[in-house]
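Since the structure comes first, as structure tokens, the remarks are kept for the end.
The values are calculated or read from the model by the stated rules, or taken from the named source; none is laboratory data. These numbers come from a predicted model, not from an experiment. Ideal geometry is used to build each Cβ from the backbone, glycine not excepted, and the neighbour counts take in all protein chains shown.
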Amino acid sequence: MVLFENIDAVLFDLDGTLIDSAPDLGAAADQMRVSRGMSSLAPDMYRPLAGSGARGMLAVAFGLTPQDPQFETMREEFFCNYENCMTQRTYVFEGVESMIRQLVEAGLQWGVVTNKSARFTDPLTRAMSLFATAGTVISGDTTPHAKPHPAPLLEAAHRLGLAPTRCIYVGDDERDIQAGLAAGMTTVAADYGYLGEKADTTTWGAQARIKSPLELLKLLNKA
């Protein structure tokens, strides 16, 4: 078991790491199918690509890619649908609330760094009590660059008043690990997230991998 020392904060990706938003993301895309007279798809068809946001959901629902001429229009329709439903089915992963509570009790700061735009991140995190103790929430458009660029993570560390080396970053996408490593942070791959069929977290270069949120506490010797 790897033990991380000299850590003052834990930063997390949002979707697929702290919260399961796949049901609402899938519902927003599926509503577009139904409104066009198409059959509804099973929620499990959307889940593997939930981490890719609109791009992933439109690929499942319609086989669309960003190169398609109608992609921009369809994406905005998806965004509007998602805004109207994004707290209806989204829930916190099992163990996350306990993990956060124990991190806070241990005197560690914590925050969120996501590629989700502030248009969605801000109302979503305000609506969920989990985020009341978060020291910072960085969205995909908070800085000029999104992950895998390290800028969002460096901004989070700056807002917490910490050196990046005093932070851990936890995420369920290879972009998360790339960004964390580029920022000089210790990285942890969340194996319980939206990995998809082809993802192999052992190749990402993370210093550790966890199969459940509470396993993080063991790495920090806080369990």
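Within the range 198-223, can you find the residues that are more than 18 Å from the chain's Cα centre (by Cα) and more than 17 Å from residue 10 (Cα to Cα)? Don't jump to the end; show me each part of the working.
In the first step, residues of the range 198-223 are kept if they are more than 18 Å from the chain's Cα centre (by Cα); the result is 198, 202-203, 205, 207, 217-223.
Of everything in the range 198-223, those that are more than 18 Å from the chain's Cα centre (by Cα) and more than 17 Å from residue 10 (Cα to Cα) turn out to be 198, 202, 203, 205.
State all residues of the range 181-200 that are touching a residue at least 24 places away in the same chain (Cβ under 8 Å), in contact with a Leu (Cβ under 7 Å, 6 or more places away or on another chain) and either over 24 Å from residue 47 (Cα atoms) or hydroxyl-bearing (Ser, Thr, Tyr) (or both); if no residue qualifies, say none.
183, 185
Among 28, 50, which is within 22 Å of residue 153 (Cα to Cα) and not assigned by TED's automatic domain parsing to the domain that holds residue 206? Steps first, please.
Details: 28 fails: within 22 Å of residue 153 (Cα to Cα).
Just one listed residue meets the conditions, 50.
Residues in the range 133-156: is at least one basic (Lys, Arg), closer than 25 Å to residue 209 by Cβ, touching a Ser or Thr at 6+ places or on another chain (Cβ under 8 Å) and in contact (Cβ under 8 Å) with a residue 24 or more places away in the chain? Spell out the reasoning first.
The initial filter retains those residues of the range 133-156 that are basic (Lys, Arg), namely 147.
Still in the list and also closer than 25 Å to residue 209 by Cβ: 147.
Filter again for touching a Ser or Thr at 6+ places or on another chain (Cβ under 8 Å), leaving none.
Within the range 133-156, none of the residues are basic (Lys, Arg), closer than 25 Å to residue 209 by Cβ, touching a Ser or Thr at 6+ places or on another chain (Cβ under 8 Å) and in contact (Cβ under 8 Å) with a residue 24 or more places away in the chain.
Output the residues belonging to the range 9-21 that are under 11 Å from the mean Cα position of the chain (by Cα) and of a type outside the set (Phe, Trp, Tyr). Break it down stepwise before answering.
Let us first name the residues in the range 9-21 that are under 11 Å from the mean Cα position of the chain (by Cα), namely 11-21.
Residues satisfying the conditions are 11, 13, 14, 15, 16, 17, 18, 19, 20, 21.
Condition first: out of contact with any helix residue (DSSP H, G or I) (no Cβ under 7 Å at 6 or more places or on another chain) and of a type in the set (Ser, Thr, Tyr). Now tell me which residues in the range 66-84 satisfy that.
Within the range 66-84, 73 is the sole residue that qualifies.
Say we look at the range 31-47 and pick out the residues that are part of a loop (DSSP other than H, G, I, E, B) and either aliphatic (A, V, I, L, M) or not assigned by TED's automatic domain parsing to the domain that holds residue 77 (or both); which of these is surrounded by the fewest Cβ atoms within 10 Å (Cβ to Cβ)? Talk me through it step by step, then tell me what you get.
Step one: list which residues in the range 31-47 are part of a loop (DSSP other than H, G, I, E, B), which gives 36-42.
Pick out the ones that are also either aliphatic (A, V, I, L, M) or not assigned by TED's automatic domain parsing to the domain that holds residue 77 (or both) and you get 38, 41-42.
On the way: 38: 12, 41: 15, 42: 9.
Top of the filtered list is 42.
Being farther than 23 Å from residue 47 by Cβ and either among the charged types (D, E, K, R) or modelled with pLDDT of 95 or more (or both) narrows it down to one residue among 114, 165, 125; which is it?
165
Of everything in the range 13-30, what is touching a residue at least 40 places away in the same chain (Cβ under 8 Å), among the small types (Gly, Ala, Ser) and either in a helix (DSSP H, G or I) or surrounded by fewer than 18 Cβ atoms within 10 Å (Cβ to Cβ) (or both)? Give them in sequence order. Write out each step before concluding.
Start the filter on the range 13-30 by keeping residues that are touching a residue at least 40 places away in the same chain (Cβ under 8 Å), which leaves 13-25, 27-29.
Then drop every residue that is not among the small types (Gly, Ala, Ser), which leaves 16, 21-22, 27-29.
Once the filter is applied, which keeps residues that are touching a residue at least 40 places away in the same chain (Cβ under 8 Å), among the small types (Gly, Ala, Ser) and either in a helix (DSSP H, G or I) or surrounded by fewer than 18 Cβ atoms within 10 Å (Cβ to Cβ) (or both), the range 13-30 yields 22, 27, 28, 29.
Applying the selection to the range 52-81, what residues are touching a Leu at 6+ places or on another chain (Cβ under 8 Å) and in contact (Cβ under 8 Å) with a residue 40 or more places away in the chain?
Scanning the range 52-81 gives 53, 74, 78.
Answer yes if at least one residue in the range 84-95 is more than 19 Å from the chain's Cα centre (by Cα), in the same structural domain as residue 13 (by TED's automatic domain parsing), surrounded by fewer than 16 Cβ atoms within 10 Å (Cβ to Cβ) and in a loop (DSSP other than H, G, I, E, B), and no otherwise.
Within the range 84-95 (the criterion being more than 19 Å from the chain's Cα centre (by Cα), in the same structural domain as residue 13 (by TED's automatic domain parsing), surrounded by fewer than 16 Cβ atoms within 10 Å (Cβ to Cβ) and in a loop (DSSP other than H, G, I, E, B)), the answer is no, since none of the residues qualifies.
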